[in-house]
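The values are calculated or read from the model by the stated rules, or taken from the named source; none is laboratory data. It should be emphasised that the depicted structure is a prediction, and the values quoted were computed from it without experimental measurement. Neighbour counts are summed over all protein chains in view; Cβ atoms, including those assigned to glycine, are modelled from backbone coordinates with ideal geometry. With ligands, DNA and RNA removed, areas are computed over all heavy atoms of the protein, side chains included. Shrake-Rupley method; radii C 1.70, N 1.55, O 1.52, S 1.80 Å.
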Amino acid sequence: MLKIGLVSVSDRASTGVYQDQGIPALQDWLSSAICSPFSTLTRLIPDEQTEIEATLRQLVDEEGCQLVLTTGGTGPAPRDVTPDATLAVADREMPGFGEQMRQISLRFVPTAILSRQVGVIRKNALILNLPGQPKAIKETLEGLRNDAGETLVPGIFAAVPYCIDLIGGPYIETDPKVSKTFRPKSALRPSAA
């Protein structure tokens, strides 16, 4: 079964100044998108690089998460250190994820170029830095569609199941109405449904 770590990085939310919106938005989206069985582990932590690094290591190395999604802390401000922490624990960088996230966000705001979001592999896990706002999380994962429902810009989650296949994780099926997984024909399995 797929195990997903969800990490919200925010000084203010972690101290109770305001309620975290990142983890609930991720849980809602994942529940609508993933058809295969999965479980989640959640962490709400401050913008401290050493704590982010320790949390990512713990979720992958000790908890066995095959996918870790972070929200928050990806901008250019001095306290935005999520990408730095993610790269510090990485075995390999997956630059296409960050490029695609910025491509999606640029459709809405010119400041998307300020985002430093990254995707990396640690051991047999994929770690992705997502935006902090629920609307942006959904757009980044799901992509953009026109009024007829046709995909204009693919979301990053379309590539996540096949990436997890390639690094030795469980086979993930998604609801194509939310996020259509792309795999080569040789990697497809009969649907469990």
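Give all pairs with beta carbons closer than 7 Å in which a residue from region 179-192 that is β-branched (V, I, T) meets a residue that is open to solvent by 50 Å² or more (accessible area, probe 1.4 Å); count only pairs at least 6 apart in sequence or on separate chains.
T181/Y162
Among the residues that make up region 17-39, is at least one of them assigned to a strand (DSSP E or B) and surrounded by fewer than 16 Cβ atoms within 10 Å (Cβ to Cβ)? Explain how you work it out, then say what you get.
Filtering region 17-39 for residues assigned to a strand (DSSP E or B) gives 34, 38-39.
Okay, now just the ones that are also surrounded by fewer than 16 Cβ atoms within 10 Å (Cβ to Cβ), so 39.
Yes: one or more hits.
Tell me the strands (runs of 3 or more DSSP E) entirely within region 110-183 that contain at least 1 residues that are in contact with a Leu (Cβ under 6 Å, 6 or more places away or on another chain), under 20 Å from A25 (Cα atoms) and of a type in the set (G, A, S).
Output list reads 119-122.
Picking from V60, V9, V68, V89, which residue would you name as being more than 29 Å from Y171 (Cβ to Cβ) and hydrophobic (A, V, I, L, M, F, W, C)?
V9
For region 118-128, check the following and say yes or no: at least one residue is under 23 Å from I23 (Cα atoms), at pLDDT below 95, open to solvent by 60 Å² or more (accessible area, probe 1.4 Å) and under 17 Å from the mean Cα position of the chain (by Cα).
Of the residues in region 118-128, the ones under 23 Å from I23 (Cα atoms) are 118-122, 124-128.
From the residues that got through so far, the ones that are at pLDDT below 95 too are none.
No, region 118-128 contains no residue that is under 23 Å from I23 (Cα atoms), at pLDDT below 95, open to solvent by 60 Å² or more (accessible area, probe 1.4 Å) and under 17 Å from the mean Cα position of the chain (by Cα).
Please verify whether region 81-91 includes one or more residues that are closer than 16 Å to C163 by Cβ, of a type outside the set (K, R) and assigned to a helix (DSSP H, G or I).
yes
Go over the candidates A54, A88 one by one and state the one that is surrounded by fewer than 22 Cβ atoms within 10 Å (Cβ to Cβ), under 15 Å from V120 (Cβ atoms), at pLDDT 95 or above and aliphatic (A, V, I, L, M).
A88
With the structure loaded, tell me whether T55 is assigned to a helix (DSSP H, G or I), in contact with a strand residue (DSSP E or B) (Cβ under 6 Å, 6 or more places away or on another chain) and either free of Cβ contacts under 8 Å to residues at least 60 places away in the same chain or not charged (D, E, K, R) (or both) or whether it fails that test.
yes
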